[in-house]
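Single-structure report; data block below.
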Amino acid sequence: MKSLDKLRIEKGYTQENLAKLLEIATPTYCQYEKGQRLIPKNIADSISKILEFPRDEIFLPVKFAIRENSAEPEKEAG
């Protein structure tokens, strides 16, 4: 398993670049990468597609929590 930050760097993206591609704020992306915020399923799918790496190999349940419904209010992880 590769960590999200290592995979992002390996593919040549900064946190800011990836956040812009995902159309989210950079601090939000940073929280996702550090596991400080739950990642909506659609964002996890987009990250997987951009980084060209299987979602399930990036976001293992032990490391990240993915929300099924992006309409639910965000909850802090931890």
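Would you please name the residue that is nearest to Thr14 (Cα to Cα), looking only at residues in the range 25-48 that are modelled with pLDDT under 95 and not in a helix (DSSP H, G or I)?
Lys34
Could you please give the count of residues in the range 49-69 that are in a loop (DSSP other than H, G, I, E, B) and either at pLDDT 70 or above or not charged (D, E, K, R) (or both)?
So in the range 49-69, the residues in a loop (DSSP other than H, G, I, E, B) come out as 52-54, 59-65, 68-69.
Restricting the remaining residues to those that are either at pLDDT 70 or above or not charged (D, E, K, R) (or both) gives 52-54, 59-62, 64-65, 68-69.
Counting residues in the range 49-69 that are in a loop (DSSP other than H, G, I, E, B) and either at pLDDT 70 or above or not charged (D, E, K, R) (or both) gives 11.
Out of the residues in the range 4-45 that are in contact (Cβ under 8 Å) with a residue 12 or more places away in the chain and of a type in the set (Gly, Ala, Ser), which is surrounded by the fewest Cβ atoms within 10 Å (Cβ to Cβ)?
Ranking the qualifying residues of the range 4-45, first place goes to Gly35.
Restricting the range 1-19 to residues that are closer than 13 Å to Phe53 by Cα and part of a loop (DSSP other than H, G, I, E, B), which is modelled with the lowest pLDDT?
Met1
The values are calculated or read from the model by the stated rules, or taken from the named source; none is laboratory data. These numbers come from a predicted model, not from an experiment. For neighbour counting, all protein chains shown are included, and Cβ atoms are generated from backbone atoms with ideal geometry for every residue, glycine included.
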